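Inspection log for the structure reproduced underneath, given as structure tokens.
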């Protein structure tokens, strides 16, 4: 297996560079998009892809057969035909069953249980009961009790963080590595059912409409659930893109290229950001009857004198409405 990481202005250009370096065609490789191209103020971030090519198996050279030796024919004994036996079907793969474990018989789990009890007490859930089961190669600590919402968090983020910390506590000493997980009030089973239903619904929609669907970032455990559910639907496939905390699953039709699916999904996300101005609206959204600013009426300029100083206003005509009237009016009784 050969692997090449290449960059380019677009995903297609980076993929083509990797294909040229490997010397293979697109049908012989698998492409994983690590970074999408971005344009910033002073620089442009190129696209980065990882292209993996499976090397063909070398043909096994057959050893030369020795020359046949001529021997005298010997009469073969007469054999009776054996009774035909019925073909036995292969047993189905056994699902991982849970086996109860005793915390007293697992001394390496004792510091983990003490750590969990202290965390639960400080987070307001001191009455949580802790038990252990083994599922395959994983040891799962099950916590049951009230006030478990803070221990689970939004979509299990706090539970996954606690699971990681408990794994560090269990494996900080010497000995065989213990694969540890947490399950608080059967949240793992509920989450698995919801993710399975979501993956099948989106996979059937992708097969029916021919469009891809990009899910939100998930941890490795949840991504495996999505991949397993999509594999049960014909005509679609699933790919993981991104790295670290932003790694997510893309569900797309089998005949669609991954770069095409990512380009279409990014285009749909950018449609909501189009527009101009601070509010994101273009000029066409403005009303045609914008209010005009009212202009204040300015007072007439006063004529200036010879020295440049303004002259006061002069009254040109006096108004005497009562000049011809008597001083006292006649009062009739």
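The values are calculated or read from the model by the stated rules, or taken from the named source; none is laboratory data. Keep in mind that what you see is a predicted model, and the values were worked out from it rather than measured. Cβ coordinates were reconstructed from backbone atoms using ideal geometry, including for glycine residues, and neighbour counts include every protein chain displayed.
Of the strands (runs of 3 or more DSSP E) lying entirely inside region 173-256, the ones with 3 or more residues being within 17 Å of residue 158 (Cα to Cα) are found at 179-184. Of all positions in region 121-140, at least one carries a residue that is within 29 Å of the chain's Cα centre (by Cα), modelled with pLDDT under 90 and surrounded by 19 or more Cβ atoms within 10 Å (Cβ to Cβ). Of the residues examined, residue 11 is one that is touching a helix residue (DSSP H, G or I) at 6+ places or on another chain (Cβ under 8 Å), at pLDDT below 80, surrounded by 16 or more Cβ atoms within 10 Å (Cβ to Cβ) and within 22 Å of residue 245 (Cα to Cα). Residue check: is residue 156 more than 26 Å from the chain's Cα centre (by Cα) and either in contact (Cβ under 8 Å) with a residue 24 or more places away in the chain or part of a loop (DSSP other than H, G, I, E, B) (or both)? Against the criterion (more than 26 Å from the chain's Cα centre (by Cα) and either in contact (Cβ under 8 Å) with a residue 24 or more places away in the chain or part of a loop (DSSP other than H, G, I, E, B) (or both)), residue 156 does not qualify. Scanning region 14-46 for residues that are in contact (Cβ under 8 Å) with a residue 12 or more places away in the chain, crowded, with 16+ Cβ neighbours inside 10 Å and over 15 Å from residue 241 (Cβ atoms) gives 18, 19, 22, 24, 29, 46. When you look at residue 210, is it in contact (Cβ under 8 Å) with a residue 12 or more places away in the chain, on the phi > 0 side of the Ramachandran plot and touching a helix residue (DSSP H, G or I) at 6+ places or on another chain (Cβ under 7 Å), yes or no? In short, no.
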